[in-house]
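Quick note: the coordinates plus some simple rules give every number you see, no bench work behind them. The structure displayed is predicted, hence computed values, not measured ones. For neighbour counting, all protein chains shown are included, and Cβ atoms are generated from backbone atoms with ideal geometry for every residue, glycine included.
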Amino acid sequence: MRAIEHLEQLLRTIVSDMGYAFPAKTTIEPPKDKQFGDLAVNVALVLAKEAKKPPRALAEELAAALNAASEHIATVEIAGPGFINVTFSPGFWQETVSLVDSLGAAYGSSAKGGGKKVNVEYVSANPTGPLHIGHGRGAAIGDSLVRILKFAGYDTTAEYYINDAGKQMHTLGRSIWLRALRLDGKCAGQFPEDCYQGEYITDIAREMLAADPGLTGLPEDEGMDACYRHGMQVIFDEIKQDLRDFHVRHDVWFSELSLVNSGRVEKTLQRLEESGIAYEDDGALWFRTTDYGDDKDRVLRKSDGSLTYFASDIAYHADKYERGYGWCIDIWGADHHGYIPRMRAAVNSIGRPDPDFDVILVQLVNLLRDGEQIAMSTRAGQYETLADVIKEVGADAARFMFLSRKSDSKLDFDLELAKQRTLDNPVYYVQYAHARVKAVLRRAGERGVVVDGAGDLSLLQQEEELDLLRMLDRFPLVVEDAAGNLATHFISYYLMDLAGLLHRYYSVHTILGSEADSLTSARLRLIRAVGQTIANGLELLGVSAPESM
RNA sequence: GCGCUCGUAGCUCAGUCGGAUAGAGCGACAGCCUCCUAAGCUGUAGGCCACAGGUUCGAUUCCUGUCGGGCGCACCA
């Protein structure tokens, strides 16, 4: 990161001195093969056309200028069609340790977000049943993105939208009510198919009956209402507990009902109608989403007078922007992708350009045990709940599994695999690297080797040491990329790479010398910086960094 | 049928705003504990980046088409 910034600065000066604009398509990145140096630059290739010079000749000129421009640069080589390969001096890399030391838990953070207000909305499951494994994936991704965006300098709020106003809440009350009647022997008929089938419904009914045996004597609508209120309370408490157990945090719990009751939904519809974006037809109110690229117009208020979810979703998003968020990110299950065009149309219609709104689609989770698919039927009310999974494999393993994959690709989640402590399950690989660092530092303390301030970093000359230093330097860039691409797996992959280098270093070199010499101190400072960086990365994933394993 | 998305090693997956010989882990095979944590390390084998065209100095990456998997196409929630 420092390396890239430094090199880019030098190149900008040189290119501009030569009388050219710095090409936007320039890339400065670590080459795939280490033999090509620390960083490879393609600027000569990109600039060749404009300069009317062969790329290699141009590269020669740039290389000569680079060599003279910085004391940190050890060698500059031209290769292939005109790549400029730059190698920095060990001294430059060694400074990274001091940087990590001075920043500590803040190493990797930045002000890139400039304090922009961002709202990330995730999970938002209807409180009609327990969270399942798919919710868990969305929860992990949302929570981790919030951590990453905060670290990257955004003023980020984590929000949960509670759909507590619709028909399904009525269905919840009815389901519990009908279960209670059956438990009480007041009704023996077949339990309706359109009710929630899960065992948890019966549990709630049983509990309510125990608390108030007169429940089923109430008039039907009164009884159902009581069931709805209590049931939602119980289920929502469980959801909140599950999220706590999964180390997922929300700052704001936003109720749809509050939006409806305060008249903000109706007000939003009125505004749309006045501005001609909404129109009446066939007794229903329609949104002209086709004006914004959707393939058909969408209903806001049905001809029976009831509102669609779309109507309150528009009011909800308008409310978010009114609360001052310049960027709203929604995390949805991938089965909702057809909903994006109309939501984007809605956002545009309230005067917000595309970049102010993003949807992250999270693909379904395929739950396996030993490679065999576990049947999940929501209909029959049988599915593996998030709580069960956390209980079985632990929050750390589950989170790392979710966060190590692009959100947009399907995920096979094997319960047995998640418990294995092998490289198949890399959470332990990364955590073990951290624990190893801590173990060595502890042992050093026992032997009376003091780390602080001591140690001549210039003694870190081994290839494995320079590899670690280069990797440490990259961390801030990885965080920036993860934030920019809303991609948590950038962090996971980085951590696996860093952990791998640490393990290799550990096995090739003995860190703790037989006595407290300055090389030992330098090495201890290096691995301490590695441990700190791993801890910082794990924190972004919401995964613990154990002191020992 | 229309739309979105994915197709990379035997398996699970990275990489792709165009760059050098396409990477990792697992599995397979061969090795490493008198030594700071072997939950670790080293090495070998394994690829027409689904297929066919196009764009250009250069394509796994961008465009078009084909094939194959997933998902979505309600006055549902």
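Observations on the model:
- Amide H to amide H, with H built 1.01 Å from N, residue A:327 comes under 5 Å of A:119, counting only residues 5 or more places away or on other chains.
- Exposed GluC sites (Glu not before Pro) absent: longest stretch of chain A, with sites in DSSP loops and at most 15 other Cβ within 10 Å deemed exposed: A:194-514
- Cβ-placed point charges (K, R +1; D, E -1), dipole of the stretch A:248-370 about Cα centre in debye, nearest 20: 280
- Taking every DSSP helix (H) stretch of at least 4 residues in chain A, weighting each as -39,500 (n - 2.57) and dividing the sum by the residue count yields a mean residue ellipticity at 222 nm of -16500 deg cm²/dmol.
- Gyration tensor verdict on the stretch A:137-281 (Cα atoms; rounded if a/c is under 1.5, prolate if a/b is larger than b/c, oblate otherwise): oblate
- Farthest towards the positive end of the charge dipole of the stretch A:117-258, among the residues A:235, A:153, A:253, is the Cα of A:153, using unit charges on the Cβ of Lys, Arg, Asp and Glu.
- Nearest 10 degrees, 0 to 90: helix A:264-274 Cα axis against chain A principal axis: 80
- Test item: Cα-centred dipole of the stretch A:358-494, Lys/Arg +1 and Asp/Glu -1 on Cβ, debye: 380
- Chain A shape via C-alpha gyration tensor axes, a/c threshold 1.5: oblate
- Listed pairs A:116/A:150; A:32/A:410; A:240/A:320; A:167/A:302; A:267/A:302; A:240/A:267 exceeding 20 Å between Cα atoms: A:32/A:410; A:240/A:320; A:240/A:267
- Contact order, relative form, for chain A: 16 percent (alpha carbon pairs under 8 Å, 6 or more residues apart, mean separation divided by residue count).
- Positive-end extreme of charge dipole, the stretch A:165-227 - chosen from A:205, A:178, A:191 (charges on Cβ): A:191
- Rounded to the nearest 20 debye, the dipole size of the stretch A:1-145 about its Cα centre is 540 debye, using +1 on the Cβ of Lys and Arg and -1 on the Cβ of Asp and Glu.
- Qualifying trypsin sites (Lys or Arg not before Pro) in the stretch A:301-374, DSSP loop, other Cβ atoms within 10 Å at most 14: A:302, A:323
- Low-density loop positions, trypsin sites (Lys or Arg not before Pro), the stretch A:92-201 - DSSP coil, at most 11 other Cβ in 10 Å: A:186
- The stretch A:485-526 and the stretch A:125-162: distance between their alpha carbon centers, rounded to Å: 31
- Here's the picture: charge each Lys and Arg Cβ at +1 and each Asp and Glu Cβ at -1 in chain A, and of A:290, A:491, A:36 the one pushed furthest to the positive end of that dipole is A:36.
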